[in-house]
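Everything below concerns the one structure shown next.
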Amino acid sequence: MTVDPTIFKDYDIRAVVGEQLDNEGVHRIGQSIAQLFSPNTVAIGYDMRLSSIDWKNELADGLTSMGVNVIDLGLTATDMIYFASGTLDVDIAVQISASHNPPQFNGFKIVKRGAVGVSGNSGIYDIRDLVVSGVKFKESTAKGSISKENVLEDWVKHAASIVDTSSIKPLKVVIDAGNGMAGKVIPAIEKLLPIEIIPLYFELDGSFPNHLANPLLPTTWGDIKEAIEAEKADLGIMFDGDGDRMFLFDENGEFVSGTITTAMVAEQMLKKTPESIILYNAICGRIVPETIAKNNGKSKRVRVGHTLIKEAMRKYDGLFAGEHSGHYYFKENFYADSGLIAALVVLELMSEKNQTMSEIVAKYDVYPAISEMNFNVTDKKEMMDKLANKFGDAESIDWLDGVSIWYSDWWANIRPSNTQPVLRLNIEANNQNILKEKTEIIKDFIIENGGNVAADE
């Protein structure tokens, strides 16, 4: 059996197939979930990765050997698993996927009934400890059953119910599914919408023959930019591999940041439900809280990470939450994230405003920011302390998620990776000159103190 303990992360489980986790290890993960949570029924969905079906079978065998009933949901996007956990009579739901990672990876996202996330603080590390403990599980004399269910039709109806589909205009939209799960979901939702879809890479293929299903990599943008121009489309939408994140491109093929999309969706949601609480993560730019305040909402800044934000959404009864990384969460969706629902809200907003995407974006594109930079460092906490000391004259410094340094005309966040000796740097400023200057200062400081620029993940 091969199980590398480092595959168990704060938010999910990610492994190189065969090298870090083999089929026998997956079987034991299933048994460990049964032992730890004592579920009666577990729903399993999986994406199009080449190892997903084998892992589904092994996970199901591990669960049923412990007397747990399994509902096999077949090929699913991750946000469909959240929906299933909120609408089916299941105690646990598991998505087999490695999101945007390269094809040699696979993994698991786990939620409890009602899309309550299982994180490092609420079970993932306990699963790890059981898996690697070597303890022999007591299998049930009555093996659990396996049944099949398809939630796709109910899922797209639910997603469409969150917007007024009758207000959506016949927009022309290029959608790049990256050979991921959006290629299965978008044709189903298309039947409920008046839009014209130009599809790119809708064929499910876990080898990702065209480009990695990671919209944050500029190297993946070429095809959607060309298609938007060639088709004279109104906008473009890219999904990641498991379909739970989406990113926008305007009619000129310009990428729209997660910060701007968060502000845009927040305004649309507050128009329907004013004075609600909107959450945003510590990396989102200042336009987000400013937009929330202008639209009679209340904002709450929270830590990065989908399980943490799901918990915070419940704690504060948030209407909506956005992350710079393209995760968007909705109260009406069991407080869980969905790239599909966020895309529908954007289509609704564009239709109601009767403006181009670039015109809408211009309203929010106020503060220039860098693309996130990663640095290899030996001691993450020591480096953050040194940066806090260097900028000791800042107007304020907080440690909500890493260290954030605030001045009137710029701010920076430096936060640690949960799994690697890496620090992630984000900076936003009032203008490009300040942004360039402060970026160089911080970059040089980290390098002078023993760090070095890391390759893109």
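The figures follow:
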quantity	calculated
Selection status of Y82, modelled with pLDDT under 95 and touching a strand residue (DSSP E or B) at 6+ places or on another chain (Cβ under 8 Å)	no
Criterion violated by N101 - all others in (1) at pLDDT 95 or above; (2) over 25 Å from F334 (Cα atoms) satisfied	(1)
In the range 163-184, the residues that are farther than 21 Å from S51 by Cβ and either surrounded by 20 or more Cβ atoms within 10 Å (Cβ to Cβ) or charged (D, E, K, R) (or both)	V163, D164, I168, K169, K172, V173, V174, I175, D176
Answer from G183, G178 - the residue that is among the small types (G, A, S), under 15 Å from A77 (Cβ atoms) and in contact with a strand residue (DSSP E or B) (Cβ under 7 Å, 6 or more places away or on another chain)	G178
Out of G258, G243, sole residue that is over 30 Å from V403 (Cα atoms) and either of a type in the set (A, V, I, L, M) or surrounded by 24 or more Cβ atoms within 10 Å (Cβ to Cβ) (or both)	G243
Failed criterion for K294 (all others in (1) at pLDDT below 95; (2) more than 30 Å from I13 (Cα to Cα); (3) basic (K, R) hold)	(1)
Subset tally (residues that are touching a helix residue (DSSP H, G or I) at 6+ places or on another chain (Cβ under 6 Å) and farther than 22 Å from M350 by Cβ) for the range 215-243	1
Subset of the range 205-244 [in contact with an Asp or Glu (Cβ under 8 Å, 6 or more places away or on another chain) and within 19 Å of A77 (Cα to Cα)]	G206, H211, A213, N214, P215, I237, M238, F239, G241, D242, G243, D244
Answer from S38, S52 - the residue that is hydroxyl-bearing (S, T, Y) and without any contact (Cβ under 8 Å) to a residue 60 or more places away in the chain	S38
The one condition in (1) surrounded by 23 or more Cβ atoms within 10 Å (Cβ to Cβ); (2) of a type in the set (D, E, K, R); (3) within 13 Å of M357 (Cβ to Cβ) that E251 fails to fulfil	(1)
For I397: the one exception among (1) in contact (Cβ under 8 Å) with a residue 12 or more places away in the chain; (2) part of a strand (DSSP E or B); (3) more than 23 Å from R14 (Cβ to Cβ)	(1)
Residue in the range 10-22 that is at pLDDT below 95, over 30 Å from T141 (Cβ atoms), surrounded by fewer than 18 Cβ atoms within 10 Å (Cβ to Cβ) and within 21 Å of the chain's Cα centre (by Cα) present	yes
Index of the failed condition, I360 passing every other in (1) surrounded by 23 or more Cβ atoms within 10 Å (Cβ to Cβ); (2) of a type outside the set (K, R); (3) out of contact with any strand residue (DSSP E or B) (no Cβ under 7 Å at 6 or more places or on another chain)	(1)
Looking only at the range 431-457, and only at residues there that are under 14 Å from I370 (Cβ atoms) and part of a loop (DSSP other than H, G, I, E, B), the one that is modelled with the lowest pLDDT	D456
Failed criterion for A34 (all others in (1) among the hydrophobic types (A, V, I, L, M, F, W, C); (2) closer than 22 Å to K138 by Cα; (3) in a loop (DSSP other than H, G, I, E, B) hold)	(3)
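The values are calculated or read from the model by the stated rules, or taken from the named source; none is laboratory data. The structure displayed is predicted, hence computed values, not measured ones. Methodologically, a virtual Cβ is constructed for each residue, glycine included, from the backbone with ideal geometry; neighbour enumeration extends over all protein chains shown.
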